[in-house]
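Notes follow once the structure below has been shown.
The values are calculated or read from the model by the stated rules, or taken from the named source; none is laboratory data. Since this is a predicted model, take the numbers as computed values, not measurements. Cβ: placed from backbone, ideal geometry, glycine included. Neighbour counts: every protein chain shown. Heavy atoms of the whole protein, side chains included, go into the accessibility calculation; ligands, DNA and RNA do not. Shrake-Rupley method; radii C 1.70, N 1.55, O 1.52, S 1.80 Å.
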Amino acid sequence: AMKSLLLNQTKQLFTKPIWYPRSRRDLDCIDKSHRNIIDDLGNSYPGSNDIDYMNWLSSMRNYDTPADSDVPDAYYPEQANKTWNILYGKLKELHSLYACDEHNQNLIELENKNIYTENEVPQFSKVNNWLNSKTGFKLVPVGGMINARSFLYGLAYRVFFASRYIRHISSPFYAVEPDVVHDLMGHVPLFANEEMAEFSQEIGKKSLGASDEKIDQLAKIYYYSVEFGVIGEKILGAGILSSSGEIINVGEKKCKVEPWELKKVLNMDYVLHDFQPLLFKANSLTEMKKFVFEAVES
Ligand code: TIH
Ligand code: FE2
């Protein structure tokens, strides 16, 4: 026993504790470099042959605003607003049929308050004002998909790292990476819901200073609840709600849906650039919250 005690103490001396943010302001020190999906996909990245679009896209990826201050407005060319317009109408209609009530209630409120309109991409400043009055969640722009640890650290402080660029107009119905439509039409209405805000934040809190292995588990729990969860017969996950193609695929029951179970979730492989083959459901948002709280404890 003595020997193992000594061994443990020696180990502690040599393993550096993992730094983690203790406040929103500390989030400015995390690694926000993002995956380069354009390099991954090359010519099959939608819009890769549209030079004006690709230039705009790279300018939109190139900014970094502090988590603690207001988000400056972004510039959207006419084509970007047109893409938004096409998708906004289509998604609203599909959400009324297939999205969970908690999502729809808040989407209607955003529209009634003129925060969302069909002709222009909404600016984060307006959205953040509203979110702040609901749950205190805040959108902070990043250039693309950042690493899981950094992303989860944001959630611990009700900060959601989000995209301001929009998918190319040539393929509006499915995007290969999260964009502003995904974040505004998928995530924002649900982050204004306190239960959803609570379990999202809980995933984030458990990530603070966690081992790499634990981070991988938390990312899967996040992915199969917040991004791709199902509630009863309706859709919860933002990854589905922002793609009209995928909503229809799930709504018409072309995708398998099984009861949410941690063991199964942790055994899944991510599907990032295509429709999901298998999703997991809870009977209500309250039950999903319970599943997530249990899952992050283990
Ligand atoms: N496929 C989603 C959409 O079309 O909006 C975007 C993504 C969310 C998560 C991964 S890719
Ligand atoms: Fe997302």
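Here are some notes:
- In the condition set (1) within 16 Å of ligand 1 (Cβ to nearest atom); (2) in a loop (DSSP other than H, G, I, E, B); (3) of a type outside the set (K, R), G209 is compliant with all but (1).
- Residue in segment 157-170 that is open to solvent by 10 Å² or more (accessible area, probe 1.4 Å), closer than 16 Å to H95 by Cβ and in contact (Cβ under 8 Å) with a residue 24 or more places away in the chain present: no
- Residue list for segment 145-156, restricted to those being open to solvent by 10 Å² or more (accessible area, probe 1.4 Å) and either under 12 Å from the mean Cα position of the chain (by Cα) or without any contact (Cβ under 8 Å) to a residue 40 or more places away in the chain (or both): M145, I146, A148, F151
- Some residue of segment 228-242 being in contact with a helix residue (DSSP H, G or I) (Cβ under 8 Å, 6 or more places away or on another chain), over 22 Å from P178 (Cβ atoms) and of a type outside the set (S, T, N, Q): no
- Residue within segment 255-265 that is under 30 Å from N85 (Cβ atoms) and surrounded by fewer than 18 Cβ atoms within 10 Å (Cβ to Cβ) present: yes
- The one condition from (1) part of a loop (DSSP other than H, G, I, E, B); (2) in contact with an Asp or Glu (Cβ under 8 Å, 6 or more places away or on another chain) that Y116 does not meet is (2).
- Count of residues meeting criterion [within 28 Å of R25 (Cα to Cα) and open to solvent by less than 50 Å² (accessible area, probe 1.4 Å)] in segment 111-141: 17
- The lone exception for F173 - which of (1) among the aromatic types (F, W, Y); (2) within 14 Å of ligand 2 (Cβ to nearest atom); (3) within 17 Å of F228 (Cα to Cα) it fails: (2)
- Residue in segment 25-60 that is nearest to F173 (Cα to Cα), counting only those that are surrounded by fewer than 17 Cβ atoms within 10 Å (Cβ to Cβ) and in contact with a strand residue (DSSP E or B) (Cβ under 9 Å, 6 or more places away or on another chain): R35
- Of all residues in segment 75-110 being open to solvent by less than 50 Å² (accessible area, probe 1.4 Å) and not in a helix (DSSP H, G or I), the one that is farthest from Y53 (Cα to Cα): C100
- Yes/no for L272 being within 20 Å of the chain's Cα centre (by Cα), in a strand (DSSP E or B), within 28 Å of L87 (Cβ to Cβ) and of a type outside the set (S, T, Y): no
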